[in-house]
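The next block holds one structure in the form of structure tokens; read it before the comments.
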Amino acid sequence: MRKTKRAILLMLIFIAGACSGSETTEKKVVTDDVVGEETWTIHRGINLSYWLSQNFQDANKYPYGNISRYARINEATIKLIADAGFDHVRFPLDEVEMWNTTRMPYVTSFDLMHKVIGWCIKYKLRVLVDLHIIRSHNFSTQNNKLWTDVSEQDWLVEMWRQLNNELKKYSTGSVAYEFLNEPVIEESRSSAWNALLSRLITTIRPLSPNRKFFVGPNRWQGIDFLSALSLPKDDNLILSVHFYEPMLLTHYKASWLPEYNVDGVVSYPGMLLSHEDVAKIPAQQYESIKYMLQSEYNRAFLYSRFKKAIDYAKSKNLPIYLGEFGCIIENVPILAREQWYKDIVSVLDELRIPYSVWDLYGAFSVFESQSDKPIDEVILSTLTKGNN
């Protein structure tokens, strides 16, 4: 009976938003945040990957919205994260997991979202809710319908109205929002993302006056594209960037990126490949990655990249956050992986940049999904305790 009532409520929320029209809704609906005693303070976090986002279960066997898809994460998982020493989670959500093709909400998925947030609050973890992939936009392609179809932009705003209506009961010190993961459009059209982001901020802000909104630049939230980001004045914005440099190290032989599948042994710090291994790379492939093969990579390089990010943030008087970083497990020598994590965390700590590692379970795992044991004790300790 409870789920039936909840389904009716969610449907009414959707219908009310759809029938009222975006302009009317923006002017009429104003709610106050729940402001708890705690403040939004984070340092070290982890992404709850491949659960309500990028869940690669067979949708014919385990349909979206079916509880059988979601056994992987439970209260014990959240306790594991807290006990390990993390203080927050970034919680990716995909449209296909939360709304069906007729844009009606999956009650099961929304219930699971609330359960996870409840567990996080129980174990004193803050939650950054991230709308990760939507049907009109996927970070893995630059050909996204979101940029050409105004109705899809309207729907993105409406998704956030519905999400905010669900999440507004949580205090501003426990839950924050990230409107879209890794926006991708041609560099010359960054203004399209700026316009949509401004609309999202100015629409949702009256509904959640004190909530922290995390906002990232075009082109996969890359540091170099911060300067193309244009934001409305808002005292509760946090800049968010992602970082996987050098890609030949962090994505070495990743199955979905064939250009990084080269023979040899990748190394860090120093040159990524030996001269002998570089000489074996086919000419066309070499052209696509040669910029990473002509210089050394070390802590000084990482520091220079994040110094650029924090200098920009200071110029805008905004905090900055690293929402994703990580190094693939397979094929990268363990000592190289460990040193990369040590260097990047030491830089982030020095510059006082909070972060969330990618990811809990996946190709970049911190924990083994079957046993929940750390993939690498050194890396886990680095991520949760720094280099002390």
*Between region 299-339 and region 166-205, what is the C-alpha centre distance in whole Å?*
22 Å
*Quantify, in whole percent, the carbon and sulfur part of the accessible surface of region 162-303 (1.4 Å probe; protein heavy atoms only).*
51 percent
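Dipole of the chain, Cα-centred, from +1 at each Lys and Arg C-beta and -1 at each Asp and Glu C-beta, to the nearest 20 debye?
Dipole size: approximately 1160 debye.
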*asked:* How much accessible area per residue does region 207-259 have, counting only protein heavy atoms and a probe of 1.4 Å, in square angstrom?
replied: 35 Å²
*For region 32-126, count the residues as N, evaluate 2.2 N^0.38 Å, and divide the Cα radius of gyration by that value, please.*
1.17
*What's the Kirkwood radius of region 173-230 in Å, using all Cα pairs?*
12.0 Å
_Global geometry of region 233-384, whether rounded, prolate or oblate, following the gyration tensor of its Cα atoms and the 1.5 cut on a/c_ = oblate
*Using alpha carbons only: equivalent-ellipsoid semi-axes of the chain, gyration tensor based, whole Å*: 35, 23, 22
_Can you give me the long-range amide H partners of PHE367? Hydrogens built in the peptide plane at 1.01 Å from N, cutoff under 5 Å, separation of 5 or more residues or another chain._
ILE375
*Sum of -39500 (n - 2.57) over DSSP H runs of 4+, divided by residues of the chain (222 nm, nearest 500)*: -12000 deg cm²/dmol
*At q = 0.16, 0.18 Å⁻¹, work out log10 I(q)/I(0) for region 326-388 with the Debye formula, treating every Cα as an identical point scatterer and leaving solvent out; two decimals please.*
-0.48, -0.61
_Span-like helix ranges in the chain, DSSP H, alpha carbon extent 18 angstrom or more, Kyte mean at least 0.5_ = 2-20, 107-122, 190-204
*Within region 149-225, list the GluC sites (Glu not before Pro) lying in a DSSP loop whose Cβ has at most 16 other Cβ atoms in a 10 Å radius.*
GLU186
*With a 1.4 Å probe and every protein chain left in place, work out the accessible area per residue of region 52-201 in Å², rounded to a whole number.*
36 Å²
*Using only Cα atoms, locate the centre of region 283-298 and the centre of region 122-156, then give the distance between them in Å, rounded to an integer.*
32 Å
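The values are calculated or read from the model by the stated rules, or taken from the named source; none is laboratory data. Keep in mind it's a predicted model, so treat the numbers as computed, not measured. With ideal geometry, Cβ positions are generated from the backbone for all residues, glycine too; neighbour counts draw on all protein chains shown. All accessible areas refer to the heavy atoms of the entire protein, side chains included, with ligands and DNA or RNA removed. Shrake-Rupley method; radii C 1.70, N 1.55, O 1.52, S 1.80 Å.
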